[in-house]
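Working notes for the structure below.
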């Protein structure tokens, strides 16, 4: 049983296209996240949803739009893809309630996006 | 504010060498501290954690002790293996419902 699953694992697309990445978790967590990891392995948080409500929205181009249909799913849609969007995108989930955050995050295996 | 600083890599060690990866933190309140490991081509996995001062987290031969007096959570292993080659991330959460804060990652390569 995969706890946090993302699809697709690899995505190669041309500049200007629109693409989506999907994420699902079966851990019963109430909070989900999108992180971007660059070529130097630096992790940058992009968005976080708690029970379908957006709670973290970092400085990210508005071409990136998250959508959470329910607390077990968090998708990421990217419009007008640019070369600089090439990276590995990780989905993660956790409990947000104080006292339960000590359980840590559970990460998906990542989506490697290559824009050509 | 909350932040994590970890030693820069890359780190290259011979098999069976002793490993230390330094991590210090700044936090409001009483954070929980974590080490995550990312093997090549994979996502991050929780390696170990400590939720209060003087706690020692351990897993797979790795250890880290939560030192409040020095605000540190250094990762150690007595004898590394080639299979330990990965990127290691120190992280904290302030247990106030806020986000996790990750360090910049330290790449470890163990050579036979």
- Message: Condition first: out of contact with any helix residue (DSSP H, G or I) (no Cβ under 7 Å at 6 or more places or on another chain) and either within 12 Å of another protein chain (Cβ to nearest Cβ) or not in a loop (DSSP other than H, G, I, E, B) (or both). Now tell me which residues in the range B:78-96 satisfy that.
- Response: B:82, B:83, B:84, B:86, B:87, B:88, B:89, B:90, B:91, B:92, B:94, B:96
- Query: Picking from B:34, B:62, which residue would you name as being surrounded by 17 or more Cβ atoms within 10 Å (Cβ to Cβ) and within 9 Å of the chain's Cα centre (by Cα)?
  - Reply: B:34
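Have a look at A:76, A:81, A:11, A:113 and point out the one that is over 26 Å from residue B:4 (Cα atoms), more than 13 Å from chain B (Cβ to nearest Cβ), assigned to a loop (DSSP other than H, G, I, E, B) and touching a strand residue (DSSP E or B) at 6+ places or on another chain (Cβ under 6 Å).
The conditions single out A:81.
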- Message: Quick check on the range B:101-112: of everything there that is part of a strand (DSSP E or B) and in contact with a helix residue (DSSP H, G or I) (Cβ under 8 Å, 6 or more places away or on another chain), which residue is nearest to residue B:6 (Cα to Cα)?
- Response: B:108
- Item | The lone exception for residue B:50 - which of (1) within 12 Å of chain A (Cβ to nearest Cβ); (2) surrounded by fewer than 21 Cβ atoms within 10 Å (Cβ to Cβ) it fails | (2)
- Message: What's the total number of residues in the range B:6-21 that are under 12 Å from the mean Cα position of the chain (by Cα) and surrounded by 15 or more Cβ atoms within 10 Å (Cβ to Cβ)?
- Response: 4
- Is it the case that residue A:67 is surrounded by fewer than 18 Cβ atoms within 10 Å (Cβ to Cβ) and either closer than 29 Å to residue B:5 by Cα or touching a helix residue (DSSP H, G or I) at 6+ places or on another chain (Cβ under 8 Å) (or both)? no
- Query: Of the residues that sit in the range B:5-47 and are assigned to a strand (DSSP E or B) and within 9 Å of chain A (Cβ to nearest Cβ), which one is modelled with the lowest pLDDT?
  - Reply: B:32
- Task: Looking at (1) within 9 Å of chain B (Cβ to nearest Cβ); (2) at positive phi, find the lone condition where residue A:4 falls short.
- Result: (2)
- Give, as residue ranges, the strands (runs of 3 or more DSSP E) completely inside the range A:16-59 that count at least 2 residues that are surrounded by 13 or more Cβ atoms within 10 Å (Cβ to Cβ) and touching a residue at least 24 places away in the same chain (Cβ under 8 Å). A:19-25, A:31-37, A:43-50
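Scan the range A:28-35 and give yes if some residue there is within 11 Å of another protein chain (Cβ to nearest Cβ), under 28 Å from residue B:107 (Cβ atoms) and touching a strand residue (DSSP E or B) at 6+ places or on another chain (Cβ under 6 Å), otherwise no.
Here is the first cut: in the range A:28-35, the ones within 11 Å of another protein chain (Cβ to nearest Cβ) are A:30-31, A:33, A:35.
The next check asks that each one be under 28 Å from residue B:107 (Cβ atoms); those that pass are A:33, A:35.
If we keep only those that are touching a strand residue (DSSP E or B) at 6+ places or on another chain (Cβ under 6 Å) as well, we get A:33, A:35.
Yes, the conditions are met somewhere in the range A:28-35.
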- Message: Filter the range B:56-77 down to the residues that are in a strand (DSSP E or B) and either within 30 Å of residue A:30 (Cβ to Cβ) or touching a helix residue (DSSP H, G or I) at 6+ places or on another chain (Cβ under 9 Å) (or both) and list them by number.
- Response: B:56, B:57, B:58, B:59, B:62, B:64, B:75, B:77
- Which of the residues belonging to the range B:59-80 are over 14 Å from residue B:20 (Cα atoms) and in contact with a strand residue (DSSP E or B) (Cβ under 8 Å, 6 or more places away or on another chain)? B:59, B:60, B:66, B:70, B:71
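The values are calculated or read from the model by the stated rules, or taken from the named source; none is laboratory data. This structure is a prediction, so every number in the text was calculated from the model and none was measured. Quick reminder, even Gly has a Cβ in these numbers, built from the backbone with ideal geometry, and neighbours come from all protein chains shown.
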